[in-house]
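Novice: Encoded as structure tokens, here's the structure I'll be asking about.
The values are calculated or read from the model by the stated rules, or taken from the named source; none is laboratory data. None of the values given here were measured: they were computed from a predicted structure. Note that we place each Cβ from the backbone using ideal geometry, even for glycine, and neighbour counts take in every protein chain shown. With ligands, DNA and RNA removed, areas are computed over all heavy atoms of the protein, side chains included. Shrake-Rupley method; radii C 1.70, N 1.55, O 1.52, S 1.80 Å.
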Amino acid sequence: MTEASVSNIVVRPARADDFDFVADLMIRALTPFYDGDHYAHARRIFDAHIAGGIDRVGQFSAGQYMFIAESDGRQVGVIHVVEKKQGTVKISPLIVDTAYRGKMGVGSMLLKHAEDFARSLGARQIYCTVAEPNKKALGFFLRKGFRITGTAKDHYKIGIDEHMLYKQLIDEAGFDSPNISVVPFDESQHADGARALILSQMSGDFDGVDSNWVDALFAGYRRMESGDVNTKFKIIFVAECDGRVVGVAGATPKKGRPIKLMPLVASSEAAFEALIIDLQGLLEDYGHKLYVHLVPEPWQVACLQRHGWSLEGVFPGGYAPNSVVQQWGFNFNKEGASVRKMRIKKPYFDAIMEGCKTLEVRVGYNSIKRLKAGGLLQLETGHTSGVVRIKSIRIYRSFADMLSSEVWQQIVPQAKSEEEALRLLRKIYPDHKERLGVHVIEVEK
């Protein structure tokens, strides 16, 4: 365990003479939100750290470690991290002295040190809990990339709810391949692939999902032009990859303007994430929220949480005797939901964030046509995202027309020539997609 510093802030392992500071800080900071003997709590975790991280009573704990932030030799904050046997790390707690909160970046420094330490242990995830009334702490963790996974009522103190948060530590490659597009359903092109995918993904967990059920879904799609919710019309989108259907989403607008997604199926994580991201923009005109019933895999739960969905209900035996169906919901009207999301390949994301790429090119899907200059765009690649502002949008008939007017180096910075840039673009978007029109989106960080 080594020291780390920024300016005059130093983060170091706790020493034996730090106990009084730690105990006093924990008592003052935790008492408003948590019941229990905070002095005894401080004594236990501090002694475990001093003993080399050995926790003699923690069943799942592999090690406990405490770090102190100093400013000019004065103790100003503490963070305690628990290494778990499951390959995760828990923060419990992170506290900055009240005189230094919001100043000098003490909390940020402690958290970065803890994340770096967790990575050195090989941890894949770091997590914590925050009392709901502790708005400043909650906002701090959300700004640092943590996600709320749920809320426990009256958890550590009667009348105080507790938010559970986590952050993935494993860097992912992002959307490098394959090329997946979410497009409106075309019965002549997509029916067979959509039918096969729906039946293979749903029939085991949802009794009654058979070929007749799929026929009824397609019939509902043919009623879409009516726009009458009482006809239970369907809006269907498919995720395509190299001409194959790799995902299907059927949306049913309901009375009161919620939108039910059923089916929501995908043959891969990339296809599922493509649907989750793109549907938020494609369906927002039809209602105020999305909800879905599914029996999710762990990676699907992580994807839903990452993109702002919340678990709303659990139905054991609701659709089949041996399945437990979950209801997940996404509210269009909640804070931040109006920022448009866009999937992007990792090299292009990095180039935009580094400032060497200012032009992003897409074809004229309905979701792209809805973008407007001045709007915010959240670029998504795996677990990484960044927000840019749309400066302007220019539309061309073809890639060749576009490249005759735009600076190709700002579109495909890794290309060696305009000809190579054209080849790369046409590899992503074949002829039938290019004919939808080429949209050049000029962005700034």
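Novice: I need the full set of residues from region 60-90 which are under 14 Å from residue 29 (Cβ atoms) and open to solvent by 10 Å² or more (accessible area, probe 1.4 Å), in order please.
Specialist: Across region 60-90, the qualifying residue is only 75.
Novice: When only residues in region 140-171 that are part of a helix (DSSP H, G or I) and open to solvent by less than 40 Å² (accessible area, probe 1.4 Å) count, which is farthest from residue 306 (Cα to Cα)?
Specialist: If we take residues in region 140-171 being part of a helix (DSSP H, G or I) and open to solvent by less than 40 Å² (accessible area, probe 1.4 Å), then 140 is farthest from residue 306 (Cα to Cα).
Novice: Checking residue 305 against (1) in a helix (DSSP H, G or I); (2) within 22 Å of residue 238 (Cβ to Cβ), only one condition comes out false. Which one?
Specialist: Answer for residue 305: the failing condition is (2).
Novice: Exactly one of these conditions fails for residue 344: (1) in contact (Cβ under 8 Å) with a residue 60 or more places away in the chain; (2) open to solvent by 40 Å² or more (accessible area, probe 1.4 Å); (3) touching a Leu at 6+ places or on another chain (Cβ under 9 Å). Give me its number.
Specialist: Of (1) in contact (Cβ under 8 Å) with a residue 60 or more places away in the chain; (2) open to solvent by 40 Å² or more (accessible area, probe 1.4 Å); (3) touching a Leu at 6+ places or on another chain (Cβ under 9 Å), only one is false for residue 344: (2).
Novice: Please verify whether region 347-365 includes one or more residues that are of a type in the set (D, E, K, R), under 25 Å from residue 184 (Cβ atoms) and modelled with pLDDT under 90.
Specialist: There is no residue in region 347-365 that is of a type in the set (D, E, K, R), under 25 Å from residue 184 (Cβ atoms) and modelled with pLDDT under 90.
Novice: Would you tally the residues in region 236-259 being over 21 Å from residue 200 (Cα atoms) and either buried (at least 16 other Cβ atoms within 10 Å of the Cβ) or touching a residue at least 24 places away in the same chain (Cβ under 8 Å) (or both)?
Specialist: Looking only at that region, the number is 7.
Novice: Looking at region 180-204, which of its residues are open to solvent by less than 50 Å² (accessible area, probe 1.4 Å) and not in a helix (DSSP H, G or I)?
Specialist: 180, 181, 182, 183, 185
Novice: OK, next. May I ask you to list the residues in region 215-233 that are modelled with pLDDT of 95 or more, out of contact with any Pro (no Cβ under 9 Å at 6 or more places or on another chain) and surrounded by 15 or more Cβ atoms within 10 Å (Cβ to Cβ)?
Specialist: Matches in region 215-233: 218, 220, 221.
Novice: When residue 198 is evaluated against the numbered criteria (1) of a type outside the set (Asp, Glu); (2) modelled with pLDDT of 95 or more; (3) under 26 Å from the mean Cα position of the chain (by Cα); (4) more than 29 Å from residue 368 (Cα to Cα), which criterion, by number, is the only one it fails?
Specialist: (4)
Novice: In addition: Mind checking whether some residue in region 260-271 is open to solvent by 10 Å² or more (accessible area, probe 1.4 Å), more than 19 Å from residue 181 (Cβ to Cβ) and out of contact with any Pro (no Cβ under 7 Å at 6 or more places or on another chain)?
Specialist: Yes, some residue in region 260-271 is open to solvent by 10 Å² or more (accessible area, probe 1.4 Å), more than 19 Å from residue 181 (Cβ to Cβ) and out of contact with any Pro (no Cβ under 7 Å at 6 or more places or on another chain).
Novice: OK, next. From the list 376, 403, 422, which residue is hydrophobic (A, V, I, L, M, F, W, C) and under 30 Å from residue 304 (Cα atoms)?
Specialist: Checking each option against the conditions leaves just 376.
Yes/no matrix, rows are residues, columns are (1) of a type in the set (D, E, K, R); (2) without any contact (Cβ under 8 Å) to a residue 60 or more places away in the chain; (3) more than 30 Å from residue 421 (Cα to Cα):
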{"position": "301", "(1), (2), (3)": "no, yes, yes"}
{"position": "309", "(1), (2), (3)": "no, yes, yes"}
{"position": "354", "(1), (2), (3)": "yes, yes, no"}
{"position": "375", "(1), (2), (3)": "no, yes, no"}
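Novice: When region 213-270 is examined, which residues are found to be in contact with a Phe, Trp or Tyr (Cβ under 8 Å, 6 or more places away or on another chain) and among the basic types (Lys, Arg)?
Specialist: Those that are in contact with a Phe, Trp or Tyr (Cβ under 8 Å, 6 or more places away or on another chain) and among the basic types (Lys, Arg): 223, 234, 257, 260.
Novice: Kindly check whether there is at least one residue in region 124-133 that is over 19 Å from residue 49 (Cα atoms), assigned to a strand (DSSP E or B), aliphatic (A, V, I, L, M) and free of Cβ contacts under 8 Å to residues at least 60 places away in the same chain.
Specialist: yes
Novice: Give the residues of region 197-214 that are under 22 Å from residue 240 (Cα atoms), in contact with a Leu (Cβ under 8 Å, 6 or more places away or on another chain) and not polar (S, T, N, Q), sorted by residue number.
Specialist: Correct list: 198, 214.
Table: residues versus (1) over 29 Å from residue 146 (Cβ atoms); (2) touching a helix residue (DSSP H, G or I) at 6+ places or on another chain (Cβ under 6 Å); (3) aliphatic (A, V, I, L, M); (4) modelled with pLDDT under 95.
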position	(1), (2), (3), (4)
238	yes, yes, yes, no
247	no, yes, no, no
256	yes, no, no, yes
268	no, no, no, yes
290	no, no, yes, no
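Novice: Please specify each residue of region 358-368 satisfying the condition of being outside any helix (DSSP H, G or I) and open to solvent by less than 40 Å² (accessible area, probe 1.4 Å).
Specialist: Passing the criteria: 359, 360, 361, 362, 363, 364, 365.
Novice: Next question. With respect to residue 303, is the statement that it is open to solvent by less than 40 Å² (accessible area, probe 1.4 Å) and of a type outside the set (S, T, N, Q) true?
Specialist: So residue 303 fits the description; yes.
Novice: What pairs come out if I take residues in region 22-48 that are within 22 Å of residue 12 (Cα to Cα) and pair them with residues that are of a type in the set (Phe, Trp, Tyr) and open to solvent by 50 Å² or more (accessible area, probe 1.4 Å) whose C-beta lies under 8 Å away, six or more apart or interchain?
Specialist: 23/39; 26/39; 27/39
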